[in-house]
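Remarks on the structure that follows.
The values are calculated or read from the model by the stated rules, or taken from the named source; none is laboratory data. Note that the structure is a prediction, hence the values are computed from the model and not measured. Ideal geometry is used to build each Cβ from the backbone, glycine not excepted, and the neighbour counts take in all protein chains shown. SASA here: full protein model, heavy atoms, side chains in, ligands and nucleic acids out. Shrake-Rupley method; radii C 1.70, N 1.55, O 1.52, S 1.80 Å.
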Amino acid sequence: AVPCFMYLNMLYQHLAVEKLTDHSFENHSFGVLYILDEEAGRDGGVRPQVPRWASKMGTGSREQEFGQPGAMGGPQGPRHRQQELPLRILVPTQFVGAIIGKEGLTIKNITKQTQSKVDIHRKENAGATEKAITIHSSKEGCSQACRMILEIMEKEANDTKIVEEVPLKILTNNSLVGRLIGKEGRNLKKIEQDTGTKITISSLQDLTIYNQERTITVRGGVEECCNAEVEITKKLREAHENDVASLNQQTNVMPGLNMSALGIFSSGLSVLPPASGLRGSLSASANYSPLLGPPSLLGSMYGVPSSGALSLQQTTAEQEVVYLFVPTPAVGALIGKKGQHIRELAHYAGASIKIAAPDNPDDPERMVIITGPPEGQFKAQGRIYGKLKEENFFTAKEDVKLEAHIKVPLTAAGRVIGKGGKTVNELQNLTSAEVVVPRDQTPDENDEVFVKIIGHFFASQTAQRKIREIIQQVKQQERKHQQMVPTPSQPSI
C-alpha cells in the first residue's frame with residue numbers, strides 16, 4: 001500500500017540494505033551500502049532517467065559529492081544511519097559556489113563537522129535558478145548541515161545584496177506531505193506557531209508521474225527556519241518509517257520479494273490469444289522487475305469520455321481486466337484537475353482506466369475498471385493504492401486494503417476453490433489476501449464468474465497472479481484435450 005513507484009523503489013532499496021547488512025554467510029558478515037549504477041545502460045542499452053528527488057544515493061559523475069569517511073555507515077561509521085531519510089533542500093544557483101567554497105573547503109568543513117555526506121546536484125537541470133542538495137546523515141547531522149548552509153547563504157545574500165531573503169526550501173516526496181500537513185492542516189499550523197515561521201507547500205498541479213517531489217518553503221530568520229526544519233523533518237521521518245514498517249510487514253508475506261517464485265509476472269506460461277471477456281495473459285519478461293526495472297511507456301490513444309464515466313482508452317496487446325473498488329470521496333483525487341492525473345497514470349501504466357458511474361449516488365465505493373497487461377495492472381493498481389494513502393483516505397498507520405474483482409471461466413472456478421476449499425485456503429495463507437468465490441453466481445455471457453480479492457497491494461497482486469496462473473493451466477488443459485479429440489475428417493480406428 002505504498003504511494004508511488006519511485007518512492008517504492010527507494011523503500012525497497014532501504015529494505016534490501018537493511019536485510020543484507022550484518023547477514024552472516026560462512027562466518028562472514030555483510031556490510032552493505034547502496035550505490036546507484038551510473039554505468040547501467042551505457043553499453044547499447046537505454047539508461048533510465050533518474051528523477052531529481054531520487055538521484056544520488058551513491059557516488060556518481062553528474063553531481064559533486066562531499067562526504068566524511070564512515071559518515072553513511074561505511075567501515076568507520078554506524079550502519080544504522082544508512083536507513084535515515086535524507087534531507088533534500090533547494091538553494092539558489094548563485095549561492096552554490098559559496099556553499100562549496102574555494103577548492104571545496106567550505107563544504108568539506110560542513111561534512112566534517114556534521115559527519116554527513118552532501119551531494120550537490122550542480123549539473124542537473126542546466127540553467128535552472130535553483131539546485132538541489134541532498135544531505136545523508138543522522139537527523140542531528142542533517143539539521144546541523146542545513147543550518148550551516150543557511151548561514152552561508154544568508155551571509156552571501158547580505159554581502160552581495162542579490163536577494164532580500166533566502167527562505168529554506170525542503171524537497172520531499174508527495175506521499176509524505178499529507179501526513180506532514182495533518183488533518184485540517186493542524187500539524188503545519190502548529191509548526192508555524194511554535195517556530196514563528198510561514199510555511200507553504202507547492203501545488204499538487206506541479207507534480208507529474210515522473211517527478212513526485214513537492215517543495216516546502218519556510219520563511220523566517222535562520223534560527224526560526226532551522227527550528228521549523230527539525231519539526232518538519234521529524235514528521236516526514238515518522239511517515240517514512242511507517243511506510244517502511246508497513247512495507248516490511250507486507251514483504252514478510254513474500255520473503256526476499258522473490259516475485260518470480262510467487263508467480264508475479266511469471267513467464268513460464270503461454271500467452272492466450274485475444275478473446276472476448278477476460279483474457280488472462282501472463283506474458284511478461286522474466287527479467288522485468290516491476291519495482292526496480294525501467295518503466296516501458298506504451299503509446300497511448302485517449303478516447304472521448306463516455307456518458308456517466310471517465311474513460312481513458314489505450315491500445316494494449318495482451319489484456320487483463322481488474323475491477324478495483326475505491327472510496328467514493330477518492331474519485332476526484334484519482335481523476336485530478338481536468339483529468340490530468342488519470343491521463344498520466346494511464347500513459348505511465350500502459351493501461352485503460354475507466355471510473356464507472358455509480359449505481360446509487362450514496363454508494364460508499366466506486367468501481368475502477370483497469371484493462372491492460374500484467375505490467376500495466378501492477379503499475380496502475382499500485383499507483384491507485386498509493387494515491388489513496390497520499391490523500392489521507394487511510395490513516396498513517398493503516399494499511400490500504402481494497403477489494404478487487406477478476407473474472408474467471410466457470411470451468412476454472414472449481415480449481416480456484418480446490419477440493420474442500422484447499423486451494424483457496426492455500427492462496428489466502430500465501431498472500432494474506434482474502435479470496436472469495438461467491439457461491440450461486442450466474443455466469444455471464446462469456447461463461448465467466450467473479451472472484452473477489454481483498455487485501456493490501458502486494459497481497460492482492462500475488463493473489464491475482466496465482467489465480468491467473470490457475471486460469472492459464474485450465475485453458476491449456478482444455479486446448480490439449482481438444483487437440484486429442486478426433487474430428488470428423490480423422491475418424492478413430
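Can you tell which of K422, K466, K389, K401 is modelled with pLDDT under 90 and among the basic types (K, R)? Break it down stepwise before answering.
Working: K422 fails: modelled with pLDDT under 90; K466 fails: modelled with pLDDT under 90; K401 fails: modelled with pLDDT under 90.
Matching residue, one of K422, K466, K389, K401: K389.
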**OP:** Being buried (at least 22 other Cβ atoms within 10 Å of the Cβ) and touching a Leu at 6+ places or on another chain (Cβ under 9 Å) is the filter here, so list the residues in region 417-437 that pass it.
**Re:** T431, A433, V435
**OP:** Return yes or no: is I406 in a helix (DSSP H, G or I), at pLDDT 90 or above and either touching a His at 6+ places or on another chain (Cβ under 9 Å) or open to solvent by less than 60 Å² (accessible area, probe 1.4 Å) (or both)?
**Re:** no
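Could you please find all residues in region 98-143 being acidic (D, E) and open to solvent by 10 Å² or more (accessible area, probe 1.4 Å)? I'd like the intermediate steps shown before the answer.
Our first condition is that a residue be acidic (D, E); within region 98-143, this holds for 103, 119, 124, 130, 140.
Within region 98-143, E103, E124, E130, E140 qualify.
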**OP:** Could you list, in sequence order, all residues of region 469-493 that are open to solvent by 100 Å² or more (accessible area, probe 1.4 Å) and modelled with pLDDT of 80 or more?
**Re:** Q477, K480, H481, Q482, Q483
**OP:** List every residue pair whose Cβ atoms sit under 6 Å apart, with the two residues 6 or more apart in sequence or on different chains, where the first one lies in region 446-465 and is closer than 17 Å to I370 by Cα and in contact (Cβ under 8 Å) with a residue 24 or more places away in the chain and the second, anywhere, is among the aromatic types (F, W, Y) and open to solvent by less than 10 Å² (accessible area, probe 1.4 Å).
**Re:** F457/Y385
Subject >> Members of region 202-219 found to be aliphatic (A, V, I, L, M) and open to solvent by 40 Å² or more (accessible area, probe 1.4 Å), listed by number >> reply: L204
Original post:
Is there any pair linking a residue in region 355-379 that is at positive phi and basic (K, R) to one that is part of a helix (DSSP H, G or I) and buried (at least 16 other Cβ atoms within 10 Å of the Cβ), with Cβ under 8 Å and at least six apart or on different chains, and which?
Top reply: none
**OP:** State whether one or more residues within region 438-455 are in the same structural domain as P374 (by the TED database), open to solvent by 10 Å² or more (accessible area, probe 1.4 Å), on the phi > 0 side of the Ramachandran plot and touching a Pro at 6+ places or on another chain (Cβ under 7 Å).
**Re:** yes
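Can you pull out every residue in region 326-367 that is in contact with a helix residue (DSSP H, G or I) (Cβ under 8 Å, 6 or more places away or on another chain) and assigned to a loop (DSSP other than H, G, I, E, B)? Quick ask: steps written out before the conclusion?
Step one: list which residues in region 326-367 are in contact with a helix residue (DSSP H, G or I) (Cβ under 8 Å, 6 or more places away or on another chain), which gives 326-327, 330, 333-337, 340-342, 345-346, 348-353, 355, 358, 363-366.
Scanning region 326-367 gives G336, G350, A351, P358, D363, P364.
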**OP:** Looking only at region 144-185, count how many residues are part of a helix (DSSP H, G or I), open to solvent by less than 20 Å² (accessible area, probe 1.4 Å) and among the polar types (S, T, N, Q).
**Re:** 2
**OP:** For A459, indicate whether it is crowded, with 18+ Cβ neighbours inside 10 Å, at pLDDT 90 or above and of a type outside the set (D, E).
**Re:** no
